[in-house]
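Working notes for the structure below.
The values are calculated or read from the model by the stated rules, or taken from the named source; none is laboratory data. Because the structure is predicted, anything quoted here is derived from the model rather than measured. Glycine also receives a Cβ, built like all others from the backbone with ideal geometry; neighbour counts cover every protein chain displayed. Note: accessible area is taken over every heavy atom of the protein model, side chains too, but ligands, DNA and RNA are not part of it. Shrake-Rupley method; radii C 1.70, N 1.55, O 1.52, S 1.80 Å.
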Amino acid sequence: MAILPLIIAPDVRLKTKSEPVAVIDDSIRALALDLFDTMYHERGIGLAAVQVGELKRVLVADVNWRDDDDTPGKQYILINPEILEDSGDDHVYKEGCLSFPDQFADVVRPSTVRVKYLNIKGESIEETFEGILATCIQHEIDHLNGIVFVDHISSVKRDMITRKLIKMKKAGMFEPHVHGPNCSHDHDHGHDDHDHEHVHGENCNH
């Protein structure tokens with residue numbers, strides 16, 4: 001298990017469609033574990049493989065984990081996910097994204113979706129997701145299709161967020177940290193060194 005460096009927008013990889021997973025082998029299982037480690041470390045509730053540079057249709061989610069004592073909630077691993085149907089309603093949620101640090105915007109999505117996917121055992125599953133989990137799953141499936149949450153907002157707001165991130169990148173605010181034997185981070189979940197509290201709610205990072 002490892003904490004992987006995140007791709008920060010703007011980056012062409014985030015606009016690239018990920019490839020289906022042909023075989024669920026040890027490399028895919030290891031990737032899923034790394035995604036969870038990275039997600040927990042960064043205080044997120046969902047993460048797609050493309051966000052760590054792997055163009056594979058794999059995502060993880062855990063919207064109920066507790067960061068006060070690092071207790072995982074219900075973990076989801078979705079491989080080759082496909083939305084079969086949605087509720088057709090308009091649900092507004094203030095979304096963020098680990099690839100868009102500290103940027104948030106109201107996004108409209110259906111409140112319920114039915115998704116077909118493979119689990120880590122290679123079993124085909126059809127499952128209905130509701131509420132914040134539905135929002136999270138849709139957000140992460142978007143990533144696998146080369147779509148980011150700011151694509152759902154006005155061009156004015158999108159350009160404003162992009163300019164902020166470009167400026168922050170130029171200032172060197174997102175220099176990658178290499179995790180290794182000399183790293184000071186706790187690798188239990190890899191995020192005990194953070195001194196800020198993550199609140200699961202409308203300002204939650206996906």
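From the Cα gyration tensor of the range 4-159, with a ≥ b ≥ c the square roots of its eigenvalues, which class applies: rounded if a/c is under 1.5, or else prolate if a/b is larger than b/c, or else oblate? Taking the square roots of the gyration eigenvalues as a ≥ b ≥ c, the range 4-159 is rounded.
Scalar couplings 3J(HN,Hα) for the range 24-30, obtained by applying the Karplus form with A = 6.51, B = -1.76, C = 1.60 to θ = phi - 60°, are 8, 10, 4, 5, 6, 4, 5 Hz; x denotes Gly and Pro. Nonpolar atom fraction for the range 1-108, defined as the carbon and sulfur part of the 1.4 Å probe accessible area, stands at 49 percent. Neighbours of Leu35, meaning other residues whose beta-carbon lies under 12 angstrom from its beta-carbon, give a summed charge of -4 when Lys and Arg score +1 and Asp and Glu score -1. Taking amide H positions as modeled 1.01 Å from N, with prolines and chain starts lacking one, the residues under 5 Å from Lys94 and 5 or more places away or on another chain are Val107.
Lysines within cross-link reach of Lys121: Cα-Cα under 28 Å, excluding same-chain residues under 8 positions apart? The qualifying lysines are Lys17, Lys56, Lys74.
For Lys167, the lysines whose Cα falls under 16 Å of its own Cα, not counting residues fewer than eight places away in the same chain, are Lys157.
Close amide H partners of Phe174, meaning residues 5 or more places away or on another chain with modelled amide H under 5 Å apart, do not exist here. Working note: Karplus 6.51/-1.76/1.60 with θ = phi - 60° gives the range 152-160 the couplings 9, 10, 5, 4, 5, 5, 4, 5, 5 Hz, where Gly and Pro are set to x. Annotation: peptides 138-146, 73-81, 57-65, ranked by per-residue average of other Cβ atoms within 10 Å with the highest first, follow the order 57-65, 138-146, 73-81. Positive-end ranking of Met168, Val150, Ile132 along the dipole of the range 61-176, with charges on Cβ about the Cα centre, is headed by Met168. Converting phi to 3J(HN,Hα) with the Karplus coefficients 6.51, -1.76 and 1.60 and the offset θ = phi - 60°, the range 108-121 yields 9, 9, x, 7, 9, 9, 10, 10, 9, 7, 9, 8, 5, 8 Hz in sequence order, with x at every glycine or proline.
Under a model in which nothing but the beta-carbon of Lys, Arg (+1) and Asp, Glu (-1) is charged, the range 1-120 shows a dipole of about 380 debye around its Cα centre.
Each Lys and Arg adds +1 at its Cβ and each Asp and Glu adds -1 at its Cβ; summed about the Cα centre, the range 1-47 shows a dipole of about 220 debye. Each Lys or Arg adds one and each Asp or Glu subtracts one; over the other residues with Cβ under 12 Å from the Cβ of Ile83, this totals -4. Per residue, the Cα convex hull of the range 44-133 amounts to 113 Å³.
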